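Asker: Quick one: structure below, then a few questions.
The values are calculated or read from the model by the stated rules, or taken from the named source; none is laboratory data. The structure displayed is predicted, hence computed values, not measured ones. Here the Cβ positions follow ideal geometry from the backbone for every residue, glycine too, while neighbour counts run over all protein chains shown. Heavy atoms of the whole protein, side chains included, go into the accessibility calculation; ligands, DNA and RNA do not. Shrake-Rupley method; radii C 1.70, N 1.55, O 1.52, S 1.80 Å.
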Amino acid sequence: MSCLSIAAAVILATPPLAPSAPQEAQDSGGPLDAERACYDVLRYDLSIQVDPQQERILGSNRITARLLSTTDRIRVDLDRRLAVHDVSMNDIGHVDAVGYVDVNDVVTGGERTEDFFFVPIAGVSPGDVFTIDINYGGSPREAVRAPWDGGFVWAQTPSGAPWIATACQGEGADLWWPCKDHPSDEPDSMGIDVEVPDPLVVATNGRLLGTWPAARPGHTIHRWEVSTPINNYGVALNIAPYVRLEHLYTSVTGERFPFYFWVLPEDEAKGRAILPEFAGHMRQLEELCGPYPFRADKYGVVQTPHLGMEHQSIIAYGNRFAGDPNFEYDWLHHHELSHEWWGNMVTARDWNDFWIHEGIGTYVQALYLEQRFGPEAYRQKMAADRRRIANTGPVAPRGSKSTGWMYLGRPGNGSPGGDIYFKGSWVCHELRWLLGDDEFFHVLRRWAYPDPALELVTDGAQCRFTTTDELLEIANRETGRDLAWYFEVALRRAALPTLETQRDGTSLTLRWSTPDDLPYPMPVELDLDGHRRTVPIPPEGTTIDVGQAKLTIDPDDWLLGAE
Ligand SMILES: [Zn+2]
């Protein structure tokens, strides 16, 4: 069992992220209400003071957005634990008419009863750009078992210094800052100012623009700028007396971009030792999926007190330099780095397509192992993934879903749970069998960058929202095939297809049995006395003459349901 499997086992064995009647802030995504669908976030400017002693935050966020449709109020999400001190709006399009409106009266004092609030925006017309400033603060939710639950992690380094991190994939960023908590809307850019006591260092998303003394003595403001779109759960604070290590890395594009690892002072030697391996992961993923997408900002890894998360351009690394139980590589770093393509650049518009992040992000570990250690390592990894498949629900269910629901994964509830990782990985593996290496690797590259010209773009236009249907369209376009039958069975149905086999004397009959009798013309490889033969299987099945040969079906384990 690989560590990744253990990680998924934890996901599956622990209570779901969202209880049956979840508090809004503790789930993320799902159907989008009119009060959030009516605006498009253009930019966030988050400014936050972090107090390690009191375990409190005090912050403000300026939301710059464009109104898309007529409404008299918009919804902003924020965990009810945090008090909203002041909300004000400055409608750039109608400065004279609306001006600066104090809307404190819509917020229920300090005692909030919902995980969102409404801001009236009378006078703003569709197409107008407006800004809302929200001052807030309090004791944010503490993550007890991050990253499987979200919030702040208030830890200490071995020498007793504050070591602080945030993680909120399951719940969304509204756990600690006011935002539109839905995967379908990302700002085009974001400013992040963090004030912490000296000599703590802040490692967060984007580029460090500078640091300067805060008004409070003994505190410093660290100003960061994210120059591309970013998903809200990808925004993360990491605060400790970090040492910043640098690796000289040249992209497959020939560009140099900053490549940093922030480690605790106690682990500086281990950090230096592992950096070349991290760079090797980057090289393999760039060659496979295209250039690292956030070259304009940086690549950053930061040592965290929790296991890990794919925070954009600042990967959370908490694997304690432990590598992997089965292979000589750091599985966690490779997995989280893969999300820079699968999750951060290419983002599921709705959590129902979560497998695009986790399934492809898991499969590329097998490809790394194959490249580094050979085909047997690849097969071992795929066999380990296969043992985790539970078939509790379709990998890509139709209709909007929240993160909490997607992770439920219990028999009978229709949620895929850990299958978004392991069955998602097997979808890639089966497509590789069906298409052959040349076509499959070409499709994988175009899933990341649908237009090769985008591989040279760094201004944010390389980022996009995607869906399972878009990946199908790309695969069809790039191969000239119609793969709808495969996607329908493999991703839209919970149950696996089953290969029915019958040997009668010298003849062998093969037929796929599928949920809802869907067509599944998946060819199958046979080993007949050591000779390989690939047999097409039409919907009605096929019968072939195999003589007296010793028979092995699907000898290299390419297909689910053919064992
Ligand atoms: Zn992942």
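Asker: Please list, by residue number, every one of the trypsin sites (Lys or Arg not before Pro) in region 126-201 that is coil in DSSP and has at most 14 other beta-carbon atoms within 10 Å.
Answerer: For trypsin sites (Lys or Arg not before Pro) across region 126-201 that sit outside H, G, I, E and B with at most 14 neighbouring Cβ atoms in 10 Å, the list reads Arg145.
Asker: Also, quick follow-up: Ranked highest first by the average count of other Cβ atoms within 10 Å around their residues, in what order do 210-220, 386-396 fall?
Answerer: 386-396, 210-220
Asker: So what is the calculated 222 nm ellipticity per residue for the chain, using -39500 (n - 2.57) for each DSSP H run with n of 4 or more, over all residues, to the nearest 500 deg cm²/dmol?
Answerer: -7500 deg cm²/dmol
Asker: Please express the Cα-Cα pair-distance distribution P(r) of the chain as a list of whole percents, one per 20 Å bin, running from 0 to the bin with the greatest distance.
Answerer: For the chain, the pair-distance distribution reads 21, 52, 23, 4, 0.
Asker: Please state the charge dipole magnitude for the chain, taken about the Cα centre, from unit charges on C-beta atoms (+1 on K and R, -1 on D and E), reported in debye and rounded to the nearest 20.
Answerer: 820
Asker: Over region 437-532, with every protein chain in place, what whole percent of the accessible area is carbon and sulfur at 1.4 Å, could you tell me?
Answerer: 47
Asker: Give the calculated FRET efficiency between Asp556 and Leu248 to the nearest 0.05, with a Förster radius of 25 Å applied to their Cβ-Cβ distance.
Answerer: Plugging the Cβ-Cβ distance into 1/(1 + (r/R0)^6) gives 0.05.
Asker: Taking a 1.4 Å probe, which of Trp355, Trp558 shows the most accessible area, and what order do the others take after it?
Answerer: Trp558, Trp355
Asker: How much FRET efficiency would the formula 1/(1 + (r/R0)^6) give for Phe321 and Arg73, where r is the Cβ-Cβ distance and R0 is 41 Å, rounded to 0.05?
Answerer: 0.25
Asker: With every protein chain left in place and a probe of 1.4 Å, what is the accessible surface of Thr113, to the nearest 10 Å²?
Answerer: 90
Asker: What is the gain in length, in nm to one decimal, between Asp469 and His85 on full extension, counting 0.36 nm per residue of separation less the C-alpha to C-alpha distance?
Answerer: Gain on stretching Asp469 to His85: 133.9 nm.
Asker: With axes computed from alpha carbons, what is the tilt in degrees of helix 268-289 against the longest principal axis of the chain, rounded to the nearest 10 within 0 to 90?
Answerer: On a 0 to 90 degree scale, this one is about 60.
Asker: In whole percent, what relative contact order does region 34-241 give with Cα contacts below 8 Å and a gap of six or more residues?
Answerer: Relative contact order comes out at 23 percent.
Asker: Between helix 355-373 and the chain, what is the angle of the helix's C-alpha long axis to the longest principal axis, kept within 0 to 90° and rounded to the nearest 10?
Answerer: The helix 355-373 is inclined about 60 degrees to the chain.
Asker: Taking Cα pairs under 8 Å and at least six residues apart, what relative contact order does region 348-492 come out at, in percent?
Answerer: Contact order relative to length: 29 percent.
Asker: What residue among Phe278, Thr392, Ile356 has its Cα farthest toward the positive end of the dipole of the chain, where the charges are +1 on Lys, Arg and -1 on Asp, Glu, each on the Cβ?
Answerer: Phe278
Asker: Using a probe radius of 1.4 Å on heavy atoms only, what accessible surface per residue do you get for the chain? Whole Å² is fine.
Answerer: I get 37 Å² per residue for the chain.
Asker: If DNA, RNA and ligands are ignored and the probe is 1.4 Å, what is the ranking of Arg73, Arg36 by accessible area, most exposed first?
Answerer: Heavy-atom accessible area, descending, gives Arg73, Arg36.
Asker: Which distance in nm do the two modelled labels at Glu500 and Asp459 give, with both placed 7 Å along the Cα-to-Cβ direction?
Answerer: Placing both labels 7 Å along Cα→Cβ, they lie 5.9 nm apart.
Asker: Rounded to the nearest 10 degrees, what's the angle between the helix 437-448 long axis and the longest principal axis of the chain, both from Cα atoms, 0 to 90?
Answerer: 20
Asker: Give me the number: length gained by fully extending Gln380 to Ser507, i.e. 0.36 nm times residue separation minus the C-alpha to C-alpha distance, one decimal in nm.
Answerer: Going from the current span to full extension adds 42.5 nm.
Asker: Counting only protein chains, not ligands or nucleic acids, how are Lys550, Lys401 ordered by accessible area (probe 1.4 Å), most first?
Answerer: Correct descending sequence by accessible area is Lys550, Lys401.
Asker: What distance in nm separates the two pseudo spin-label positions at Ala279 and Asp451, each 7 Å out from Cα along the beta-carbon direction?
Answerer: Result: 3.4 nm between the two label points.
Asker: Could you calculate the FRET efficiency of Asp482 with Asp438 from 1/(1 + (r/R0)^6), where r is the beta carbon distance between them and R0 is 25 Å, rounded to 0.05?
Answerer: 0.85
Asker: Something else: Before anything else, pin down the relative contact order of the chain: Cα pairs under 8 Å, at least 6 apart, normalised by residue count, whole percent.
Answerer: On the way: 1298 pairs, mean separation 65.2, N = 563.
Relative contact order comes out at 12 percent.
Asker: Calculate the all-directions average of the projected area of region 387-466's alpha-carbon convex hull, and give it in nm².
Answerer: So the mean shadow area of the Cα hull is 7.0 nm².
Asker: Sorted by mean Cβ packing within 10 Å, highest first, what order do the peptides 152-160, 408-416 take? Spell out each step's value before the answer.
Answerer: Values: 152-160: 15.4, 408-416: 17.2.
So the peptides 152-160, 408-416, ranked by packing, come out 408-416, 152-160.
Asker: Where does each of 243-249, 166-172, 328-334 land if you order them by average Cβ count within 10 Å, highest first?
Answerer: 166-172, 328-334, 243-249
Asker: Right, something else. Given the Cα atoms of region 348-492, and with Rh set as the inverse mean 1/r over their pairs in the Kirkwood sense, what is Rg to Rh to two decimals?
Answerer: Values: Rg = 15.3 Å, Rh = 15.8 Å.
We get a ratio of 0.97 for region 348-492.
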